[in-house]
Amino acid sequence: MKIHAIGGYNQVGKNMTAVEVDDGIVLIDMGYDMEEVIENDKEIEELSTKETIETGAIPDDSKIHDKKEKVKAIVIGHGHLDHVGAVPKLAGSYDCPIIASPFTMSVIKRKVDNDRKGLDNELVEMEPGESYQASEGIAIEFVNITHSIPGAVMPVVHTDEGTMVYGLDNRLDDDPVLGDTPDYERLRELGEEGVEVFIGDSTRVDEPGRCMSESIVSTELVHTLDQAYEDDRGVFITTFSSHIERLTSILEANDGRRKVALIGRSLKEYTNSAEDLGMIDLDDVEVVSYWDETNELLEKISKEKEEWLVICTGHQGESGAALTRIAKGDYPIEIEEGDNVIFSSSVIPSPLNRASRYRLDKMIKREGGRVISEVHVSGHAKREDCRDLLMMLDPENFIPSHGTTEMLASHVTLAREEGYTLNEDLFLLENGNTIEF
Ligand SMILES: [Zn+2]
């Protein structure tokens with residue numbers, strides 16, 4: 001079995017891995033690098049595949065090109081853009097199906113529509129617990145896992161040269177607000193059956209302890225809104241648009257006390273998909289994204305601010321997002337003295353994001369608004385979660401991924417504590433590397 005590290009081994013972003021055995025190749029994830037995309041002058045949709053690879057925004061899959069016919073399936077583990085964003089650019093060169101859970105597939109379809117070039121690949125929707133026979137000797141299985149987006153699975157590639165488990169991304173949540181707990185029973189069973197290679201999520205491995213459950217945030221959100229509503233002031237809240245579980249918690253914390261507005265394009269897109277799949281109920285929520293309708297609704301809200309909860313895009317201080325534009329005064333509503341602006345998110349740690357959030361906080365505070373940050377838990381496994389996974393799966397070989405050099409090194413230290421030895425059964429890969437087991 002060969003593992004080709006294509007993207008995501010030098011950074012958090014543009015994840016892509018290829019598993020190659022005699023019988024064929026399986027490609028897992030095709031993501032883009034958010035930072036590189038933001039820094040580009042042009043929208044990613046306007047660039048060709050070759051141009052996008054050259055800017056560093058998507059994985060360079062040229063290594064696989066001369067064995068294209070061997071590729072039997074493209075598997076996407078979940079719908080975050082660093083795992084799915086490059087599908088419109090890359091999937092079309094492979095004559096094989098794309099396999100994903102229903103929610104992830106809804107994200108793929110929308111991305112492909114936005115790109116306007118279309119894709120001919122067959123789309124296969126698969127639920128956790130199900131398997132797909134990609135070729136005579138290759139079967140793909142989805143194991144249920146928890147993360148910060150619905151429909152996240154841990155893809156498992158069963159081959160006659162061994163089993164590979166792909167652990168990007170996940171956290172271990174025993175009390176999720178939406179969906180089921182991780183399928184620990186199956187993970188342990190896989191460990192007993194024998195795992196040749198496990199690729200693990202290193203994003204938060206250097207943070208001690210275990211990741212808190214989403215249910216803790218939902219309780220915290222109730223307190224946060226209780227306090228915010230006491231003053232009869234404006235309340236704005238922002239979170240990750242794809243975090244349907246969090247949006248559900250926000251609606252539950254509000255519990256009909258205020259009218260709810262959902263503002264911003266990505267919020268509208270993700271919640272539409274979630275509503276179609278019966279994951280969220282938006283019957284009593286006003287959802288707007290176009291300029292005119294947003295203007296109209298915000299003008300109405302500005303006259304009865306104390307009656308509304310405004311959920312909007314812009315948790316990273318992105319320049320075009322709703323919250324930033326509200327703070328800048330682009331819309332007929334103002335952030336005023338005593339208004340609460342709640343961030344149910346954390347700053348994705350990069351200089352660019354930190355600077356944008358700093359600017360946004362400053363604008364809000366200048367108007368007298370109160371900034372309430374970090375009503376949030378991360379979607380990534382912390383150190384002891386990572387250890388649990390490694391112990392459950394007990395792989396013959398372990399490859400840390402999804403991180404900067406520091407994050408990967410921290411995962412190496414943890415694996416060494418569990419008895420692994422660097423370059424014997426524990427490997428650090430860089431984008432472009434191949435390793436054979
Ligand atoms: Zn993710």
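Observations
- Within the range 156-170, considering residues that are within 16 Å of the ligand (Cβ to nearest atom) and in a strand (DSSP E or B), the one surrounded by the fewest Cβ atoms within 10 Å (Cβ to Cβ): TYR166
- Residue, nearest to the ligand (Cβ to nearest atom), within the range 52-105, restricted to residues that are open to solvent by less than 10 Å² (accessible area, probe 1.4 Å) and polar (S, T, N, Q): THR104
- Residue tally, condition over 26 Å from the mean Cα position of the chain (by Cα) and surrounded by fewer than 19 Cβ atoms within 10 Å (Cβ to Cβ), over the range 306-337: 9
- Per the listing ILE237, ILE216, ILE244, the residue uniquely surrounded by fewer than 16 Cβ atoms within 10 Å (Cβ to Cβ) and modelled with pLDDT of 95 or more is ILE216.
- VAL153 within 14 Å of the ligand (Cβ to nearest atom) and either more than 18 Å from the chain's Cα centre (by Cα) or touching a residue at least 12 places away in the same chain (Cβ under 8 Å) (or both): yes
- The helices (runs of 4 or more DSSP H) found entirely in the range 330-437 that carry 2 or more residues being of a type in the set (D, E, K, R) and either over 21 Å from ASP169 (Cα atoms) or within 16 Å of the ligand (Cβ to nearest atom) (or both) are 351-366, 405-417.
- Selection status of ALA134, more than 16 Å from the ligand (Cβ to nearest atom), outside any loop (DSSP other than H, G, I, E, B) and crowded, with 19+ Cβ neighbours inside 10 Å: yes
- Failed criterion for LEU119 (all others in (1) within 16 Å of the ligand (Cβ to nearest atom); (2) of a type in the set (A, V, I, L, M, F, W, C); (3) not in a strand (DSSP E or B) hold): (1)
The values are calculated or read from the model by the stated rules, or taken from the named source; none is laboratory data. None of these values were measured; they are calculated from a predicted model. Using ideal geometry, Cβ is built from the backbone for each residue, glycine included, and neighbour counts are taken over all protein chains shown. When the accessible area is computed, the model is the full protein with side chains, heavy atoms only, and any ligands, DNA or RNA have been set aside. Shrake-Rupley method; radii C 1.70, N 1.55, O 1.52, S 1.80 Å.
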